[in-house]
Amino acid sequence: MDTRFLGIPELTDLAEVPSVAVVVDVMRAYTVAAWAFGRGAEKIVLAGSLDEALALKSRHPDWVALKDGAPAPGFDAVNSPGMLRSADLTGRTVVQKTTAGTVGALAVRDARLVLCAGFVVAEATARLLRGHGADAVTFVVTGEDGRADEDLACAQYIAHRAAGSAPDPAAFLRRAADSRAAAELTEGVREGSHLDDVPLCLELDRFPFAMTATREDTLMVLRACAVPVD
């Protein structure tokens, strides 16, 4: 399997749209998304801006809108797995707008297959890639313009598993635990965080599904995808 690891700004320099893209945001967009599905959400609409998220919420008052940072008028939740894990989202649609994760997914919206991932869905994501028979995969390292070590570590781990190797996950998880994002969450630098956010983001294979993003009309929609065990 031919793999490359790119930050969001590097995507604009590509000569062609990637065929298969895995968008990685460990802390916290796609950990939150996985928890939303774990709490019963039917789908997640990835919004391109806060204004778009609020407009969608206005048109669909029963949808659950969440964002990065502190709570804000019009939004129901913040981008924190620690805060979301007790929510009942059975059958609900979630609208998600984050600083990096949703931006990365929208940047590769024209790829034939778009997966969104964190450590919590790593193995299911790798299994889906293996089952898909992907020859080339672009991993989008969303944080810090591609320099976020928690996202790169997760992307590299998934790439190894997708290629059929079995690396020790401890080293990859340690890199994520020592990352700048983990420190900022632990120290309370980032608003809208919970004390359990970092441990929850580092729960390897907490959920048995992968997450696929596809165009549905004018929206980019994320859904949980059951993946058979090899």
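The values are calculated or read from the model by the stated rules, or taken from the named source; none is laboratory data. Note that the structure is predicted; figures quoted are calculated from it, not measured. No Cβ is skipped: glycine too gets one built from the backbone with ideal geometry, and neighbour counts run over all protein chains shown.
General remarks:
- Any hit, the range 68-83, residues being of a type in the set (S, T, N, Q) and surrounded by fewer than 17 Cβ atoms within 10 Å (Cβ to Cβ): no
- For the range 76-101, filtering for residues that are on the phi < 0 side of the Ramachandran plot and part of a loop (DSSP other than H, G, I, E, B) leaves 13.
- A single entry from E203, E184, E191 fulfils the requirement of being part of a helix (DSSP H, G or I) and among the charged types (D, E, K, R): E184.
- If you filter the range 16-31 down to residues that are touching a Cys at 6+ places or on another chain (Cβ under 7 Å) and β-branched (V, I, T), you find that the one that is surrounded by the fewest Cβ atoms within 10 Å (Cβ to Cβ) is T31.
- Taken over the range 148-181, the criterion of being surrounded by fewer than 23 Cβ atoms within 10 Å (Cβ to Cβ), in a helix (DSSP H, G or I) and not aliphatic (A, V, I, L, M) is satisfied by D149, Q156, H160, R161, P169, R174, R175, R180.
- Residues in the range 194-207 that are over 23 Å from V140 (Cβ atoms) and in contact (Cβ under 8 Å) with a residue 60 or more places away in the chain: H194, L195, D196.
- Residue match in the range 19-38 (condition: part of a loop (DSSP other than H, G, I, E, B), modelled with pLDDT under 95 and among the β-branched types (V, I, T)): no
- Among the residues of the range 44-64, those that are within 16 Å of the chain's Cα centre (by Cα) and either of a type in the set (A, V, I, L, M) or buried (at least 21 other Cβ atoms within 10 Å of the Cβ) (or both) comprise I44, V45, L46, A47.
- Residue in the range 129-145 that is surrounded by fewer than 20 Cβ atoms within 10 Å (Cβ to Cβ), of a type outside the set (A, V, I, L, M), outside any loop (DSSP other than H, G, I, E, B) and touching a Pro at 6+ places or on another chain (Cβ under 8 Å) present: yes
- Extreme residue, surrounded by the most Cβ atoms within 10 Å (Cβ to Cβ), among residues of the range 188-216 that are at pLDDT 95 or above and charged (D, E, K, R): D197
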